[in-house]
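Written below as structure tokens is the structure these notes are about.
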Amino acid sequence: MNKKLSKNFYKRNVHLVAKELLGKIFIRRIKNRIFTGRIVEVEAYDGSIDESAHSFKGKTKRNEVMFKGGGLLYVYFTYGMHFCANIVTGKAGAGKAVLLRAVEPLEGIEEMALNRYKKKNLTQKEFANLTNGPAKICAAFEIQSKQNGVDLAGDEIFILNLPKLDSSKIIAAARIGIKKSVDLPWRYYIKDNPFVSKK
């Protein structure tokens, strides 16, 4: 039986955590329902040097969870319609996090489909697009502002500790959908995985 990741896992360098999250299983429990997915794509954000990080200009009411130290879920609302989920990393005060960009759906797929498409039976294309984007993950897994600050050492949302991937399976690329610090190769994804949002 795989155990959940310890808080110490998250309190390390943001890029190390980002790469080692790949291949691990993200789990969301809602009473007797369970959603699980394999993390296949992430992006690192480091407010100390990264202008696109929410923490770049310091702590605010919106981003305060990013400064509470590794092992929390930072959820934010964007474009007036979408939620995005991030894994906070590093020590308290660091303002660093890893955005969950894409997961490969494993359990609870019919419920995810209802959440995203309002139907259970999906076409091949709809299934491929079920959780291949940050807002899609949150919609499918029912993650909203109430989940901002959730402790990943708890039982509501957590990540299973699986062996880390061989580095040859990890691709580093530019991040997506940002306007500042665009050249930093801080998006990491599993090579050849069909659920990656953009190759």
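The values are calculated or read from the model by the stated rules, or taken from the named source; none is laboratory data. On a predicted model such as this, the values are computed, not experimentally measured, just so you know. So basically every Cβ, Gly included, is an ideal-geometry build from the backbone, and we count neighbours across all protein chains shown.
If you go through segment 27-39 and keep only what is touching a residue at least 60 places away in the same chain (Cβ under 8 Å) and closer than 14 Å to ASP155 by Cβ, you end up with ILE27, ARG28, ARG29, ILE30, ARG33, ILE34, PHE35, THR36.
Can you name the residue in segment 15-59 that is at pLDDT below 95, of a type in the set (A, V, I, L, M) and under 16 Å from the mean Cα position of the chain (by Cα) and, of all such residues, is farthest from ASN86 (Cα to Cα)? Taking the candidates together, the pick is ALA53.
In the set (1) in contact (Cβ under 8 Å) with a residue 40 or more places away in the chain; (2) touching a Phe, Trp or Tyr at 6+ places or on another chain (Cβ under 6 Å); (3) not acidic (Asp, Glu), the condition left unmet by GLY93 is number (1). Here is the figure for segment 135-176: residues that are touching a helix residue (DSSP H, G or I) at 6+ places or on another chain (Cβ under 9 Å) and not aliphatic (A, V, I, L, M) total 13.
Kindly evaluate TYR188 against the criterion of being within 18 Å of LYS19 (Cα to Cα) and either within 14 Å of the chain's Cα centre (by Cα) or modelled with pLDDT of 95 or more (or both).
Working: within 18 Å of LYS19 (Cα to Cα): yes; either within 14 Å of the chain's Cα centre (by Cα) or modelled with pLDDT of 95 or more (or both): yes.
Yes.
You will find that of ALA92, ALA85, the residue that is closer than 18 Å to ASN63 by Cβ, of a type in the set (A, V, I, L, M) and modelled with pLDDT under 95 is ALA92 and no other.
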